[in-house]
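*Asks:* To start, I am sharing the structure in question, which I have written as structure tokens.
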Amino acid sequence: MFFYLLFTIVMLLLTASVVLKQSVNQESHPDEKMVVLGVENFLRNHLNLVKGKKVGLITNPSGVDRYLNSTADEFFKHPDIDLTALFGPEHGIRGAIYAGEKISDEVDPHTKLPVFSLYGKHRKPTAEMLQNLDVLVVDIQDIGIRAYTFIYTMAKVMEAAAEFDKEVIVLDRPNPLGGIAIEGNLVQEGFFSFVGMYPIPYRHGMTIGELAKLFNREFKINCDLTVIPMLNWERNMFWDDTRLPWVPTSPHVPHWETTLFMSATGLFGELRTLSEGVGYTSPFEI
């Protein structure tokens, strides 16, 4: 009984400290410039990169601007973007599919565009998928941890782009865990998979744009890559410092703080040795 009471008190104190930190951050810097996402920078300043080109977009519900406008919907209605096809990673283009479940090609109900699944029969875009496209744009929120399929979907898109002579544009987004701490082991030879394709640290400390550059250069993908940077983002920022809304990147990451717990307990779940709370209201926290 004493243990449970002590545990409850500790958890309440931790919760209070998080709330206090957020309150102090918001009240101490009311005039601080907000982070401008790569997608916002792209729509304001870089539309020339897709002028006269047919665009394929790799995204999911995390691909939104600060006002929660979907990148897919914004691209579709933009008069200067010829959005021709969508590509969905794990969980699907609208995030409605359970983790690990294979996904088939479909038609997006919002835009009526074809959606090619990159988490089903194919992990890498085929020649047929790319035949009517000139450029592939990636706008997906990563969580800062190696064992997450979205960054490897991006890598497979880059591989296909190099093979079939297509351009790739990655719209950069913050690493919710910041860009300073780098922790964990590297994947060893013989253990590479779709949750660990490259030997990078478990907590890698990079944005998705930085990862794209790393994959392209160090792992010899060599595609025609452009990364649209964020504005006002600094490496010491955690997600709550960006003053941006958090959209669940998957059903198992409902809050940005989940990434902090996942970086510590996620491996236990992968080993299937104990439950880390996935399927409950506080995944990776239990």
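The values are calculated or read from the model by the stated rules, or taken from the named source; none is laboratory data. All figures in this text were calculated on a predicted structure; none of them were measured in a lab. We place every Cβ from the backbone using ideal geometry, glycine too, and count neighbours over all the protein chains shown.
*Asks:* If you check every pair at least six apart or on different chains, which have Cβ atoms under 7 Å apart with a residue in region 128-148 that is touching a residue at least 60 places away in the same chain (Cβ under 8 Å) first and a residue that is in a strand (DSSP E or B) and hydroxyl-bearing (Ser, Thr, Tyr) second?
*Replies:* The qualifying pairs are 132/84; 133/84; 139/59; 140/59.
*Asks:* I want to confirm something. Restricting to region 81-129 and keeping residues that are closer than 20 Å to residue 248 by Cα and aromatic (Phe, Trp, Tyr), which single residue is modelled with the lowest pLDDT?
*Replies:* Among them, the one singled out is 98.
*Asks:* Within region 182-204, can you find the residues that are in a loop (DSSP other than H, G, I, E, B) and either of a type outside the set (A, V, I, L, M, F, W, C) or within 15 Å of residue 262 (Cα to Cα) (or both)?
*Replies:* Within region 182-204, 182, 184, 185, 188, 189, 190, 195, 198, 199, 201, 202, 204 meet the criteria.
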